[in-house]
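Just so it is clear, none of the values below were taken in a lab; they were calculated from the coordinates. Remember, it's a predicted structure, so these values are computed and weren't measured experimentally. We place every Cβ from the backbone using ideal geometry, glycine too, and count neighbours over all the protein chains shown.
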Amino acid sequence: MRLVHFIRDGVSRLGIQAAEGSVLDVTEARGGAAGEAGSSLPSTVEEAIAGGEGALAALRSLAENASGASLLREEELELAPCVPKPGKIICVGLNYRKHAEETNAPIPQSPILFSKYGNALAAHGEDVPLPAAVSDKVDYEAELAVVIGRKAKDVSREEALGYVFGYCNANDLSARDLQLRTSQWLLGKTCDKFAPIGPYLVTADEVGNPNELAISCTVNGETRQSSNTADMIFHCDEIVSYLSRHMTLEPGDLILTGTPEGVVLGYPADKQVYLKSGDIVTVEIEKLGRLTNRMV
């Protein structure tokens with residue numbers, strides 16, 4: 001199931017992609033559901049995640065029995081980040097073997113971790129402001145994002161994917177000059193709207209194995225990254241397990257799992273052309289749709 005978060009009449013709403021090009025407004029359909037069935041339905045992305053399998057079953061039933069009156073044209077919606085308020089945004093650096101090699105970095109022996117904050121979230125279709133006053137080296141990074149579905153503490157690698165609610169596209173935008181100013185990457189990673197995610201939050205059952213998905217990035221239609229999540233050094237189950245041994249993961253936490261080769265930073269110095277105003281960046285991961293943003 002593909003969930004979306006959108007704004008309608010100034011109010012945040014939960015939606016389900018009912019068919020290609022249409023979205024079921026759960027808020028509206030929920031009001032038309034009879035009695036207990038309507039009251040048990042989640043009304044937000046957070047409630048859908050926290051509600052677990054029971055909430056998903058209710059949403060599936062609603063989608064199967066929805067009337068056309070509750071369907072909206074997807075292209076006309078103002079989307080919001082598909083996970084609107086993650087408690088944590090945890091990122092893994094240098095997690096694709098070929099990406100580490102292109103940047104002449106040693107292969108990590110343990111996951112390299114950093115964070116982003118809520119100000120960095122952006123939606124599919126949303127303009128991303130380039131921080132031109134402080135940086136002229138903004139780079140794209142296509143990434144698979146993992147969304148935690150239930151509290152995870154000290155979970156084994158074998159159990160780890162059972163704690164995942166779903167997955168989405170992410171773009172770990174990076175101001176390289178700020179990122180590399182010191183040994184700490186944070187400054188270059190969490191500028192405003194530097195973490196576009198979406199358009200969909202796709203449930204884990206629909207995705208299957210997250211480490212066999214094609215992943216790509218285009219800039220103005222030109223392919224810059226083309227790889228597969230199988231090239232991760234630390235796979236999704238290992239990342240979730242590793243993190244849970246060091247901190248408690250909560251429902252809705254967002255984990256960006258690294259980017260493949262093809263980023264601007266990996267080009268020879270004389271061929272590095274960083275993002276500029278007007279550039280259209282699209283991240284596409286198999287089964288998760290396309291995430292597109294314009295730099296301004």
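Using 0.36 nm per residue of separation minus the Cα-Cα distance, give me the extension gain between Arg245 and Ala132 in nm, one decimal. Please list the in-between numbers first.
Numbers: separation 113, 0.36 × 113 = 40.68 nm, distance 3.89 nm.
Full extension of this stretch gives 36.8 nm more.
Return the sequence-ordered ³J(HN,Hα) values of the range 24-30 in whole Hz as given by the Karplus equation 6.51 cos²θ - 1.76 cosθ + 1.60 applied to θ = phi - 60°, using x for Gly and Pro.
7, 7, 5, 4, 5, 5, 4
Longer than 29 Å from Cα to Cα, which of Lys98/Lys287; Lys98/Lys137; Lys85/Lys271; Lys85/Lys189; Lys151/Lys193; Lys98/Lys151 are they? Say none if no pair is. Provide the component values of the computation, followed by the final result.
Values: Lys98/Lys287 23 Å; Lys98/Lys137 21 Å; Lys85/Lys271 38 Å; Lys85/Lys189 18 Å; Lys151/Lys193 27 Å; Lys98/Lys151 33 Å.
In this structure, Lys85/Lys271; Lys98/Lys151 exceed 29 Å between Cα atoms.
Residue separation times 0.36 nm, minus the C-alpha to C-alpha distance between Ala50 and Glu78: what's the value? All intermediate terms of the calculation are to be shown ahead of the outcome.
Details: separation 28, 0.36 × 28 = 10.08 nm, distance 2.42 nm.
Gain on extension, Ala50 to Glu78, equals 7.7 nm.
Please compute one quarter of the surface area of the Cα convex hull for the range 89-294 and express it in square nanometres. Walk me through the numbers before you get to the answer.
Values: hull surface 41.4 nm².
Directional mean of the projected Cα hull area for the range 89-294 stands at 10.4 nm².
Going by how many other Cβ atoms sit within 10 Å of their own, how do Phe114, Phe165 line up, fewest first? Spell out each step's value before the answer.
Numbers: Phe114 18, Phe165 25.
Lowest count first: Phe114, Phe165.
Order these by the 10 Å Cβ neighbour count, fewest first: Val83, Val128.
Numbers: Val83 26, Val128 23.
Ordered by Cβ neighbours within 10 Å, fewest first: Val128, Val83.
Please list 3J(HN,Hα) in residue order for the range 51-60, calculated via the Karplus relation 6.51 cos²θ - 1.76 cosθ + 1.60 where θ = phi - 60°; whole Hz, with x for glycine and proline.
x, x, 5, x, 5, 5, 4, 5, 5, 4
Using helices alone, what [θ] at 222 nm do you get for the chain, with -39,500 (n - 2.57) per DSSP H run of 4 or more residues, divided over all residues and rounded to the nearest 500? Present the calculation step by step, with values, prior to reporting the outcome.
Details: 10 runs with 64 residues, N = 296.
Calculated mean residue ellipticity at 222 nm is -5000 deg cm²/dmol.
Between Arg157 and Lys287, what length comes free when the chain is fully extended (0.36 nm per residue of separation minus the Cα-Cα distance, one decimal in nm)? All intermediate terms of the calculation are to be shown ahead of the outcome.
Numbers: separation 130, 0.36 × 130 = 46.80 nm, distance 2.34 nm.
That works out to 44.5 nm of additional length.
So how far apart, in nm, are the two label points at Lys85 and Glu102 if each is 7 Å from Cα heading toward Cβ?
3.8
At a 10 Å Cβ-Cβ cut-off, how would you order Met1, Met295, fewest neighbours first? The partial results should precede the final answer.
On the way: Met1 16, Met295 20.
Ordered from fewest to most neighbouring Cβ atoms within 10 Å, Met1, Met295 come out as Met1, Met295.
Below 8 Å, C-alpha to C-alpha, sequence gap of six or more: please give me the relative contact order for the chain in percent. If you can, show how the numbers build up before the last one.
Details: 711 pairs, mean separation 69.0, N = 296.
Result for the chain is 23 percent.
Return the sequence-ordered ³J(HN,Hα) values of the range 192-209 in whole Hz as given by the Karplus equation 6.51 cos²θ - 1.76 cosθ + 1.60 applied to θ = phi - 60°, using x for Gly and Pro.
4, 6, 8, 9, x, 9, x, x, 10, 9, 9, 5, 4, 5, 7, 8, x, 6
Which residues' amide hydrogens lie under 5 Å from the amide hydrogen of Val296, considering only partners 5 or more residues apart or on another chain, with H built in the peptide plane?
Amide H to amide H, under 5 Å and 5 or more residues apart or across chains, Val296 pairs with Val128, Leu130, Gly278.
Hey, if you put +1 on the Cβ of every Lys and Arg and -1 on every Asp and Glu Cβ in the chain, which of Pro42, Ile107, Val83 ends up farthest toward the positive end of that dipole?
Ile107
Could you name the aspartates and glutamates whose alpha carbon sits less than 13 Å from that of Lys88, not counting residues in the same chain fewer than 8 places away?
Here the aspartates and glutamates satisfying the reach criterion relative to Lys88 are Glu250, Asp253.
Give me the distance in nm between label points sitting 7 Å out from Cα along the Cα-to-Cβ direction at Ile7 and Asp205, one decimal.
3.3
Highest first, please rank the peptides 264-273, 184-193 by the mean number of other Cβ atoms sitting within 10 Å of their residues.
On the way: 264-273: 11.7, 184-193: 18.9.
Taking the mean over residues of other Cβ atoms within 10 Å, the ranking is 184-193, 264-273.
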